[in-house]
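Colleague: My structure is below; once you've seen it, I'll send some questions.
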Amino acid sequence: MHNLLGSKFKGHCRQLFAAITVNLVTFSFGLYTGWSSTVAPMLQNATNTPLDHGQVLTANSISWACSWGMLSAILGTFFWGMLADNCGRKTTGFLTMLPYLVSWVILLVFKTETALMVSRFLGGLGASGAAINCPMYVGEVSEASMKAGLGSLFILMYNIGVLYVYVFGVMVNYDYLNVACLAISVLFMVVWSYVPESPIFLIQKNRMDEARRSLMWFRGKDNDKEVSEEIDSLMRHSDQTTKATLADYKKRGTVKALLIGLVFQAGTQFSGINIILMYTVDIFQKSGSTLSPHSCTILVGVVQVIGSAIASCTVHRAGRKFFLMATYAITALALITIGSCFYANKVDSTINTGMLPVLSLSVHVIAFSLGLGMVPYIIYTEVFPANVRNICMSMLMFFNNVLGFVIIKAYPSMSDALHISGCFWVFGAVCLAVVPYTYLFVPETKDKAYDDIRRELLLWFPDRRHNDKASEVAKAEKAAAVDQVEGGGGNVVVVEASEMKVCMGKDQSCFTTPQQTRDNVK
């Protein structure tokens, strides 16, 4: 018993260490995002500009500095997923951090607008890699009981990175700020070499001895016989070991999971989080608050970290849908409130909005950290089969980065056309619209087996209660059978016994549906 508890504790510590290490890339993503908010006022000030010959950036140049990363992140989505599938999660981790490392070196060596834009472009490549590789790696090495908690480290580490650059941006000069950011990249390159490859990737590549050693390390076991049961379980799920075909992407469950992901990614961008983090100082200067913009910025960063820390401790206690609906509604209220502060200041510039902008943005970043910035990435690891997860995540990140680029680049023009208050009201309205969508279309995934989640994805309204339960069970079973054969395009013959249904596809392949799983359909 003592050995069992000791190995379990050791395994949990190792999984935590691996999750924190891989999310140093996410930490650098946060540094990259918050850097522009800290440095932008400096770059626009002729007295304090760090660029050569006293060069000052225009508002248009600042908008490009903020949006170049999204543009390069779009390009990154085309190869990070394939790179992770072919070269492994560990190699991809090194390559994901490399653009950040090079970008900080460029900022230290060259002090021109061109070098700054190149640096921002490179950082965006790392951002898309972090969003694809980090949640996937954590999901694949974590035990079921730790998956949600470790998955929440993605947004926690991102927020700590933002706060880190906010604080250093106030405390030190331009060069030391970039040195502080570079140090994180160097730390990752050293520590990441001690973390094993994902066992699921090794199984997919039929490197079974390495997969066993990797799983033994993550579970804290000393005997490979103790991990055989988990290896066998992974092998029984063919989506863990077989290469995806076009039919796998056409399956109804995969298509619905993609639709859910697209809406969540749109909700993330329309929450205005990138605008807030990249223009924090400017936003507080225009909000009518008499408090110091830099002090407010750091306060928001602290609140953001506290919110994500709370989320890491509580996400496993409540359902995914509850977190999402509640935080989307709170985010919408916060955005509408801060928009009203801007509008009041527009009507009468003498109005002092006091602490209201700070409180509103603090509530916004807490809600974002608790739900919409974190929970979707946990859901993605639960609704996508392993063999299509990389490409599906790449599709979602592509959409996310295209939309993010459009919003960030258009923000100055939108502010001129709608006023900044109108921008925030639009963001709030979109977040509010996601609440009923989540309630109606998104299945609850907490504490559910993968087969149960996949079955609920076949229903457009998974939580809707029907009077004719038998009819709904039959409909779900028929959809599951069709979905499994040729991606939903084949005919099946169903033979039913008292304990089992046997389904035969056009290709003569057979698969079974136990009575117990049919009873679980709601």
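Colleague: Taking 0.36 nm per intervening residue step and subtracting the Cα-Cα distance, what contour gain separates C87 from S295 on full extension?
Modeller: Working: separation 208, 0.36 × 208 = 74.88 nm, distance 4.42 nm.
Full extension from C87 to S295 adds 70.5 nm.
Colleague: If I ignore ligands, DNA and RNA and count only protein heavy atoms, how much of L259 is accessible to a 1.4 Å probe, in Å² to the nearest 10?
Modeller: Near enough 70 Å² of accessible area.
Colleague: Tell me the label-point distance for the pair K448, V56, using the 7 Å Cα-to-Cβ offset, in nm and rounded to one decimal.
Modeller: With each label point 7 Å from Cα toward Cβ, the separation is 5.7 nm.
Colleague: Step through the table entries K409/K446; K147/K409; K10/K446; K10/K90; K147/K221; K250/K409, compare each Cα-Cα distance with 29 Å, and write down the pairs that go over it.
Modeller: Numbers: K409/K446 37 Å; K147/K409 36 Å; K10/K446 25 Å; K10/K90 21 Å; K147/K221 19 Å; K250/K409 34 Å.
Cα-Cα > 29 Å for K409/K446; K147/K409; K250/K409; rest within.
Colleague: Right, something else. How much length would be gained if the chain were fully extended between Q44 and A410, taking 0.36 nm per residue of separation minus their Cα-Cα distance, in nm to one decimal? Numbers along the way, then the final one.
Modeller: Details: separation 366, 0.36 × 366 = 131.76 nm, distance 1.94 nm.
Taking 0.36 nm per residue and subtracting the Cα distance, the gain is 129.8 nm.
Colleague: How large is the convex hull of the Cα atoms of segment 113-169 per residue, expressed in Å³ as a whole number? Don't jump to the answer; show the numbers that get you there.
Modeller: On the way: hull volume 4.4 nm³, N = 57.
Normalising the Cα hull of segment 113-169 by residue number yields 77 Å³.
Colleague: How much length would be gained if the chain were fully extended between M208 and Y176, taking 0.36 nm per residue of separation minus their Cα-Cα distance, in nm to one decimal? Could you put the intermediate results ahead of the total?
Modeller: Working: separation 32, 0.36 × 32 = 11.52 nm, distance 4.63 nm.
Gain on stretching M208 to Y176: 6.9 nm.
Colleague: Would you kindly find the accessible area of E197, with a 1.4 Å probe and non-protein molecules such as ligands, DNA and RNA excluded, rounding to the nearest 10 Å²?
Modeller: Looks like 30 Å² after rounding.
Colleague: Let me ask something additional. Quick one: net charge of I74's neighbours, Cβ under 15 Å, K/R +1, D/E -1? Mind showing how you got there, number by number?
Modeller: Details: positive: R120, K409; negative: none.
The answer is +2.
Colleague: Taking the Kirkwood radius as the inverse of the mean 1/r across Cα pairs, report the Rg/Rh of segment 110-233.
Modeller: Rg/Rh: 1.09.
Colleague: Something else about it: Leaving ligands, DNA and RNA out of it, rank Y164, Y32, Y176 by accessible area with a 1.4 Å probe, largest first. Walk me through the numbers before you get to the answer.
Modeller: Values: Y164 55, Y32 10, Y176 145 Å².
Highest to lowest solvent-accessible surface, that is Y176, Y164, Y32.
Colleague: For an R0 of 25 angstrom, estimate the FRET efficiency from the Cβ-Cβ distance between F9 and I231 and round to the nearest 0.05.
Modeller: After rounding, the FRET efficiency stands at 0.70.
Colleague: Also: Probe radius 1.4 Å, ligands and nucleic acids left out: which of R89, R207 has the largest accessible area, and how do the rest follow?
Modeller: Details: R89 0, R207 95 Å².
The ranking, largest first, comes out as R207, R89.
The values are calculated or read from the model by the stated rules, or taken from the named source; none is laboratory data. All values derive from a computational prediction rather than experimental measurement. We place every Cβ from the backbone using ideal geometry, glycine too, and count neighbours over all the protein chains shown. The accessibility values were calculated without ligands, DNA or RNA, using every heavy atom of the protein model including side chains. Shrake-Rupley method; radii C 1.70, N 1.55, O 1.52, S 1.80 Å.
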